[in-house]
1. Shape of region 568-609 from its Cα gyration tensor (a ≥ b ≥ c, root eigenvalues): rounded if a/c is under 1.5, otherwise prolate when a/b > b/c, or oblate?
2. Mind checking the dipole of the chain: about its Cα centre, +1 per Lys or Arg Cβ, -1 per Asp or Glu Cβ, Debye to the nearest 20?
3. Can you tell which of 176, 186, 207 lies farthest toward the positive end of the dipole of region 150-219, using +1 and -1 charges on the Cβ of basic and acidic side chains (Lys, Arg; Asp, Glu)?
4. Could you work out how much longer the chain between residue 457 and residue 146 gets when fully extended? Use 0.36 nm per residue separation minus the Cα distance between them, nm to one decimal.
5. Tally up the carbon and sulfur contribution to the accessible surface of region 543-613 as a whole percent, 1.4 Å probe, everything protein left in place.
6. Roughly speaking, what is the stretch gain from residue 197 to residue 176, that is 0.36 nm per residue apart minus the C-alpha to C-alpha distance, in nm to one decimal?
7. Among the lysines, which fall within straight-line cross-link reach of residue 397, defined as a Cα-Cα distance under 23 Å, with same-chain neighbours fewer than 8 residues apart omitted?
8. What area, in nm² and to one decimal, does the C-alpha convex hull of region 397-472 cast on average over all directions?
Amino acid sequence: MIRTLLCILFICLTTVSSNSQESIAREWNEELLEAVRNDFARPTVHARNLFHTSVLMYDAWSIFDETAVPLFLGKSFGGFQVPFDGITIPDNEDDLETARDEVISYAVFRLLMHRFADSPGEDETLPSLEAKFAALSYDASFTDTDYSTGSFAALGNYMAEQMIAFGLQDGSNEDFDYGNTNYLPVNDPLILDMYEDTNDLEDPNRWQPLAFDSFIDQSGNVIPGGVPDFLSPEWGVVTPFALSEDDLEVIPVDGFDYYVYNDPGEPSLIQDSDGNALDDPYKWGFSLVASWSKHLDPADGVMIDISPASIGNIQSYPTTFEEYKTFYDFENGGDASIGHDVNPATGQPYPTQMVPRADYARVLAEFWADGPDSETPPGHWFTILNYVNDNPLTVKKLGGEGETLSDLEWDVKTYFLLGAAMHDSAVNTWGLKGYYDYIRPISALRYMAGKGQSDDNSLANYDPHGLPLIDGLIEIIELGDPLAGDNDEFVGTLKMNAWKGPDFIGDPETDIAGVDWIQANRWWPYQRPTFVTPPFAGYLSGHSTFSSAAAEILTLVTGDPFFPGGVGIFDITQNDFLVFEQGPTVDMTLQWATYKDASDQTSLSRIWGGIHPPIDDIPGRILGTQIGDDVYDRGLAYFSGAALSTEEVAVTPVTIFPNPVDNLLQISGKYQGEVSFTVYSIDGKKVLSETKPMTANSTTLDVEKLTTGIYFLSIVDQAQNSLQTVKIIKQ
């Protein structure tokens, strides 16, 4: 309940909605987000729900638009055919608006009633959906799908029926509650509170399940069994939106074909160390997570500036191990942020905000963890989009150009783009998670701690897979040490200077665990003891990929990297935010100058939270940006009416005019015969049209009349079959 109220506060904070009445798309989006909060915390499943719902909204809107084309209705999407014979569009603007709202509402209502029928929160979710539907004066008992009568309600029902059918064959295994068909973990579960047992893994590079007395997911649902399964390791097979088959590898493993898009290569695997163990990227990365755990005690007195003057504005991401070591501050925390000199909206410097580093780190870990009452990371970014949309300073021009869009058009297009980016991020990231099956910090650190140390082979506790010895962080327990044990039984084992963990929290309302020396095999991430770590592999970070993709979409749709007014904020109240221990000790305001700054902050939160090492993080940030760009480009093609289905003609090169002097665009491909070429501006206006033959598999198009800018070229054959649409840039 606290998280839900905070999400509402985030949406409303510091601004009054620019609309006296929300669009029908926004109303149903809010219903969906609340349904997600009441369901199991499944980011893959809910990224898909957000996308499929946004597709229905967009397609229903596009029927009534002269330029846009649907993605699903009347098309083939992922090989699934959706017949559509058309429907008579009202001439009167009021009737048109009524019809559009009716199609959207029936389509979304039917889909959500289906998708959340077996939700743990169904007793709250389904009545809420029905109440919303009734409040809009629609009839839930009307289930007819025969829209040939001209019924827009029937059309909405039909669209939902088709989306439901599509979802039952899209690779998600929805029929069996999205369960795994093949995946089995290679490592036995880690029993979290049996510290004396060595965590002796079958493979220290692979994911390990966790064994709980009681596992409670991030939405607060108790999961029976105590050992949660890996969530969605086979999700790479799910039908995406803009992920390209050119970037896909199908890799058979133990009888299952893993679909791996945009493969960044394997993560850091553990090496045998004899000397400086921090030369091993695996040991360095997980030791950095342990080092940042030292920052979680507000009694340490360390103050930092968390304003945009100091946080954000990262110029580039590391690609080599040496660059990783420079990018992240191993000892003090944080990354290569340089901050922003001034707020571009005001022309004034951002005021500094000094707070305890421990409060900042703890708040970040909790804020971006999306729990409890989680709308999951994809849903969290929808709340941020809605926050931006409500700001009166937001100019609703797609890409910051062209005409101002109505609230409904803006909402359906931005939801479509963000939903597609979240869905593709889930498909891509969880395909990689399943294939690489990479270990989490709690398993890696406890495994290495159980082995010993890997720096000095002259000592009895040496093992090449042991932890590095780092003064002030990881040391050997010696005689007389408070951790030596009553009978010195722990002498020679390792200790770690870290957050002390949930064993030191009796009452979350009043207690702070703090930081001190603990036995290294007792290390905990900064999470609730009933959750500890998400039940899936670490590589790549879902938070990093989701957030980077979302930040790219928000930057592109608004045409501005900065939040409206140059800053986005979220107020945190002293001792009224943290869930599993008291805090923070001061009031503070999370601030982000740009969407990318917010995304980068999300990534750091997962390190402070003990969930990811850096190797999980950076590839996710890079991948998310690529996904956001690809989704935006493909989405614009649908908005402009230029989106086509097959790709048999190629424009060479795709993104630039090769001959700016002669203004001739070179086009090549397998097609022979007459072809119609149409160029659209980024706002969907037709600016050039020509029909000419493809001879010798090539032709040229004279584009001298086009000014510098971004365009879309659609290519159609004599039978009006869509051959290809490509983005082109005139320089």
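1. Note, shape of region 568-609 comes out oblate.
2. For this selection, approximately 1580 debye.
3. About the Cα centre, the residue reaching furthest to the positive side is 176.
4. Extra length available between residue 457 and residue 146 comes to 104.3 nm.
5. After summing per-atom areas, the C and S share lands at 47 percent.
6. Using 0.36 nm per residue and subtracting the Cα-Cα distance, I get 4.0 nm.
7. 413, 596, 685, 686, 727, 730
8. One quarter of the hull surface, i.e. the mean projection, equals 9.8 nm².
The values are calculated or read from the model by the stated rules, or taken from the named source; none is laboratory data. Keep in mind that this is a model prediction, so the values were computed, not measured. Backbone-built Cβ (ideal geometry, glycine too); neighbour counts: all protein chains shown. All accessible areas refer to the heavy atoms of the entire protein, side chains included, with ligands and DNA or RNA removed. Shrake-Rupley method; radii C 1.70, N 1.55, O 1.52, S 1.80 Å.
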